[in-house]
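Notes follow once the structure below has been shown.
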Amino acid sequence: MSSDLAEASAAPLIQAVGLSKSFGGVRAVQNCSLEAYPGKITGLIGPNGAGKSTLLALLAGAERPDSGKVLFEGRDVTRRHDWQRARLGLVRTFQVSRPLGHMTVLENMLIGAMDMSGETFTKAFVNRKQWKENEERDLIRAVELLERFDLLQLTNDYAEILSGGQMRLLELARALMANPKLLLLDEPFAGVNPTLAQELADHVEQLNREGQSMILIEHELNLVGRLCDPVIVMANGSVLASGSMDELGKSAEVLDAYLGRTERVGATPLVTTSEPEREAPHGDA
Amino acid sequence: MSHYLYYALTLGVYFFVYCLLGLGYNLQYGLAGINNVANYSFVAFGAYMAAVTTLGPSNNYLQSYILGTSIAWPLPLLVGAAAGALTSLVLGFIFLWRLRHQYQAIVTLVVAQVIWLLVGNNTGIFNGYNGLAGVPQPLESVVNLAPIPYEAFFVGIAAFCALLGFAFMRRVVRSPLGRVLRTIREDESVASCFGRNVFRQQMSAFMVAGAMAGLAGGLLVEYLGSWTPSGWTVYEGFVVIAALIIGGTANNIGAALGAFIVPVAIYELTGFIPPFGPVNAQTIDAFRWIAIGLVALLFLWFRPQGVLPEPRRHFRLVDRILAGQEPIPGNGLSLSEAVHGSDAASDAKDATQ
């Protein structure tokens with residue numbers, strides 16, 4: 001999955017150094033450090049309440065850390081707002097799909113494009129020719145992506161009528177409109193049926209093959225094992241371990257935190273566990 | 001006969017001024033999703049500023065006010081618009097920084113009341129509750145017309161401003177700016193995670209809407225000749241809100257339709273109800289407000305999108321692709337090939353290669 005190019009460039013795309021964040025008395029994230037490298041899908045796993053989404057929000061800038069730093073391409077972005085980080089190429093999706101309900105699927109896609117011409121009162125009136133050109137280019141890219149994600153028939157429908165799975169596809173397609181350097185995906189397969197989850201995973205895998213770097217939060221460990229390398233395990237707001245899924249499957253500490261058991265360590269690979277986990281994978285219901 | 005003509009022309013002025021107000025409110029509420037109940041305070045401020053820049057220096061004996069000067073028309077209207085925009089800039093920091101949804105609405109309502117009390121109780125600013133009177137009508141001595149032709153002339157001024165506002169809002173809605181504002185209305189975290197500065201975008205929309213309200217206020221005071229706090233209570237602001245809800249939120253034609261339905265049709269027509277039995281003129285005035293409130297409520301229950309819902313945006317280029325008139329860029333397939341499995345299409349492609 002990782003190309004030679006990515007191996008060669010050792011500089012991390014994003015780097016979190018000692019991030020902490022509390023909400024009231026709850027320490028959601030404590031002294032977390034992680035790195036994600038270009039061309040890779042870095043997995044982020046852990047039980048519910050481990051602090052994964054908060055960590056992602058800290059990386060994206062939706063939350064400000066109490067302490068610690070976030071470096072994006074070596075630049076300290078800790079004090080930058082989420083919209084400023086987005087302009088640098090750091091784009092996130094949400095755990096719960098966020099379609100713009102009363103706008104068409106196509107308009108949802110256009111908002112993903114970040115050339116932002118014609119978006120102030122002066123530019124909307126003065127630079128009409130320029131934003132028309134940009135809009136046309138964005139429209140063509142949107143149509144390409146909608147076709148790729150099998151949403152083209154829904155182009156002119158309001159996003160609010162989409163099914164849960166279609167919203168997931170739209171969310172991923174919309175994020176790609178931004179040409180992000182790093183895509184932060186918060187449970188992109190949550191709440192969709194297993195077939196569509198596989199389809200989404202295929203999209204993610206293919207995007208990675210095309211060079212897209214990602215950080216992926218996911219509960220379904222078989223998917224994580226298939227897509228992500230390395231994988232970072234979080235528990236109780238801290239990073240517990242990181243490595244490939246095979247390595248993590250052998251770690252007693254990880255099994256203990258993630259599955260709540262220590263027996264038969266090493267004998268049972270983590271990803272093919274057949275017993276019900278304490279935290280059931282979604283899509284079962 | 002001439003009474004009716006005069007009355008019709010008066011309604012014309014009100015219609016066009018309320019068009020402008022509705023379009024401005026559509027910009028901040030319909031597009032940018034700002035829940036502002038204080039919109040009429042900006043109208044009032046625009047009206048006062050247009051008045052004090054028309055009236056000339058204050059002689060503290062009759063009425064006292066700040067900044068008394070007399071500048072050439074239409075500059076007082078522009079001063080009114082600028083005043084609306086500047087007040088919006090200041091209050092925008094209170095309304096738009098962290099407040100959202102019903103909390104925002106409540107705070108704007110409270111601020112509107114505070115402004116109302118401040119202006120009413122401080123006689124030195126705009127002559128307190130007595131208000132300003134004797135504002136000359138624009139270009140009265142220049143055009144030198146009889147009452148009815150002058151009334152028609154004023155309808156023309158108001159119509160010009162309303163049409164300008166309409167053309168302006170049409171461009172806003174169709175531009176990327178309109179798309180960003182609607183994105184903020186739908187879900188502002190999506191807007192900011194795609195690089196948009198939500199505060200700045202809302203603030204600029206709020207200021208432009210404030211300018212439109214200030215301009216409308218300037219027109220009103222120049223038409224009426226006087227302006228007092230009893231003329232800009234929360235009720236007057238509610239007329240604008242009700243008009244947009246009934247006409248169609250986020251629809252510019254809906255805003256114009258609402259300006260006809262609420263301030264012209266409902267408000268004026270209910271004035272024709274004759275007093276009967278225990279119902280006196282005051283009761284009838286109360287009926288007007290009940291009628292407007294009731295119609296707005298019925299719309300919110302049964303047709304929240306208004307008479308004319310928000311138009312769905314189409315892009316001609318994409319519609320041509322969807323109709324199969326143009327191939328999908330990138331792979332050169334037509335839509336039907338792309339949707340109904342591309343086996344046949346790719347076979348055909350292979351054959352041609």
| request: List, in the order given, every pair from A:Lys40/A:Lys250; A:Lys52/A:Lys181; A:Lys52/A:Lys250 whose Cα-Cα distance in the structure shown is over 28 Å. | output: none
| remark: Partner shielding of A:174-180, taken as the mean number of other chain Cβ atoms within 10 Å, equals 1
| field | Residue-averaged 222 nm ellipticity for the protein assembly as shown, from DSSP H runs of 4+ at -39500 (n - 2.57), nearest 500 | value | -16500 deg cm²/dmol
| message | What does the structure give for A:251-257 when I average, per residue, the other chain Cβ atoms found within 10 Å of the residue Cβ? | response | 0
| remark: To the nearest 10 degrees, the tilt of helix B:198-224 (Cα long axis) against the first principal axis of the alpha carbons of chain B is 40 degrees
| message | Given an 8 Å cut-off on Cα distances and at least 6 residues of separation, report the relative contact order of chain B as a percent. | response | 27 percent
| field | Highest-MSF residue in chain B out of B:Leu322, B:Leu62, B:Leu86 [GNM, Cα springs under 10 Å] | value | B:Leu322
| Where in segment A:48-89 does the label zone of A:Asn179 land, with the point 7 angstrom along Cα→C-beta and an amide N cut-off under 12 Å? | A:89
| Which number comes out as Rg/Rh for chain A once both Rg and the Kirkwood Rh are worked out on C-alpha atoms? | 0.99
| query | log₁₀ I(q)/I(0) of segment A:102-161 at q = 0.27, 0.30 Å⁻¹, via Debye over equal Cα point scatterers, no solvent, to two decimals? | reply | -1.06, -1.16
| Using the Cα gyration tensor of chain B, with a ≥ b ≥ c the square roots of its eigenvalues, what is the shape: rounded (a/c below 1.5), prolate (a/b larger than b/c) or oblate (neither)? | prolate
| Where the Cα pairs of segment A:55-148 fall when distances are cut into 5 Å bins, in % | 2, 11, 17, 17, 18, 15, 13, 5, 1, 0
| remark: Candidates B:Tyr235, B:Tyr61, B:Tyr129; GNM for chain B (alpha-carbon contacts under 10 Å) flags as most fluctuating B:Tyr61
| field | Reach of A:Lys123 by Cα under 25 Å, taken over lysines that are not fewer than 8 positions away in the same chain | value | A:Lys132
| said: Report D for segment A:128-234 in µm² per second (integer): Stokes-Einstein, Kirkwood Rh on Cα pairs, 25 °C, 0.890 mPa s. | reply: 163 µm²/s
| said: Averaged over its residues, how many other protein chain Cβ atoms are within 10 Å of peptide A:84-92's Cβ atoms? | reply: 3
| request: List the DSSP H helices in chain A whose Cα atoms stretch 24 Å or more along the helix axis and whose mean Kyte-Doolittle hydropathy is at least 0.0. | output: none
| request: Which order do the peptides B:42-48, A:99-105, A:248-254 take when ranked by the mean count of other beta-carbon atoms within 10 Å per residue, highest first? | output: B:42-48, A:99-105, A:248-254
| query | Kirkwood-based Rg over Rh for the protein assembly as shown (C-alpha set), two decimals? | reply | 1.08
| task | Mind telling me which of A:Ala197, A:Ala124, A:Ala86 comes out most flexible in a GNM of chain A, alpha-carbon contacts under 10 Å? | result | A:Ala124
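Every number in this text was worked out from the coordinates using simple rules, so none of it is lab data. Everything numeric here is computed off the predicted structure, so don't read it as measured data. Heads up, the Cβs are rebuilt from the backbone with ideal geometry, glycines too, and the neighbour counts pull from every protein chain shown.
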